[in-house]
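See below for the structure under consideration.
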Amino acid sequence: MKLHCIAILNRDGSPMYLRSFGEQQEEVQFYYVAHTACDVIEERIAQQPAGDLFVGQLQTVGDMVVHGYAMNTQQWIVVVSSVSTESAGMRNARVKEVCQSVHAAFVAMVCNPFDELGKGEQIKNARFERVIEQLEQAEF
């Protein structure tokens, strides 16, 4: 499984963070994919049991699979990965692991009193970026 994009969207569906692991021109495509995932996440959250943050597979776009993770703060993590030959259960487990790592890094950043993230601002944090880079280089 190869990661193509990780995005964090705010309550309005605007990206607070979007990182694509490919060519720069693909970033616009991933922006669109992440934005269209918002509607699916909202529908699934209503049906989701309380306490389960991982929404699961949202949609398939070409040879990519889009997964969602809903944070308690009404913000969402969207992970775009390649379609793989492994079972859906294994892929979901791996993507859930990625989402939990991103969520932990996000919480650590937000809880830092010296790092102010204002409403509508983009995430620009060196520690957070390091976690994302480690996920990009990790084998899944």
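The values are calculated or read from the model by the stated rules, or taken from the named source; none is laboratory data. Remember, predicted model here, so these are calculated numbers, not experimental data. Methodologically, a virtual Cβ is constructed for each residue, glycine included, from the backbone with ideal geometry; neighbour enumeration extends over all protein chains shown. Side chains included, ligands, DNA and RNA excluded: accessible areas come from the protein's heavy atoms. Shrake-Rupley method; radii C 1.70, N 1.55, O 1.52, S 1.80 Å.
Rounded to the nearest 20, the Cβ-based charge dipole of the chain about its Cα centre (Lys and Arg +1, Asp and Glu -1) stands at 260 debye.
Shown is the FRET efficiency for Gln57 and Arg127, computed with R0 = 22 Å from the Cβ-Cβ distance and rounded to the nearest 0.05: 0.15. Each stretch of four or more DSSP H residues adds -39500 (n - 2.57); spread over every residue of the chain, this sum gives -14000 deg cm²/dmol at 222 nm. The convex hull drawn around the Cα atoms of the chain, when projected onto a plane and averaged over every direction, covers 8.3 nm².
Figure the gain on full extension for Gln134 and Gln100 (residue separation times 0.36 nm, minus the Cα-Cα span) and round it to one decimal in nm.
Working: separation 34, 0.36 × 34 = 12.24 nm, distance 1.36 nm.
Net length gain for the segment: 10.9 nm.
Largest accessible area first, the listed residues Val110, Val65 line up as Val110, Val65 when surface is computed with a 1.4 Å probe on the assembled protein chains.
Between Ser84 and Cys111, full extension at 0.36 nm per residue minus the direct alpha carbon distance yields a gain of 6.2 nm. For the stretch 11-60, state what percent of all Cα-Cα pairs lands in each successive 5 Å bin, counting from 0 Å until the bin that includes the largest distance. Pair shares across the bins are 4, 18, 25, 23, 16, 9, 4, 1. Can you work out ³J(HN,Hα) from phi for every residue in the stretch 59-66, in order, using Karplus 6.51 cos²θ - 1.76 cosθ + 1.60 and θ = phi - 60°, giving whole Hz and x for Gly and Pro? After applying 6.51 cos²θ - 1.76 cosθ + 1.60, I find 6, 10, 10, x, 9, 10, 10, 10 Hz. Measuring max minus min along each principal axis, the C-alpha atoms of the stretch 25-96 give extents of 35, 28, 16 Å (largest first).
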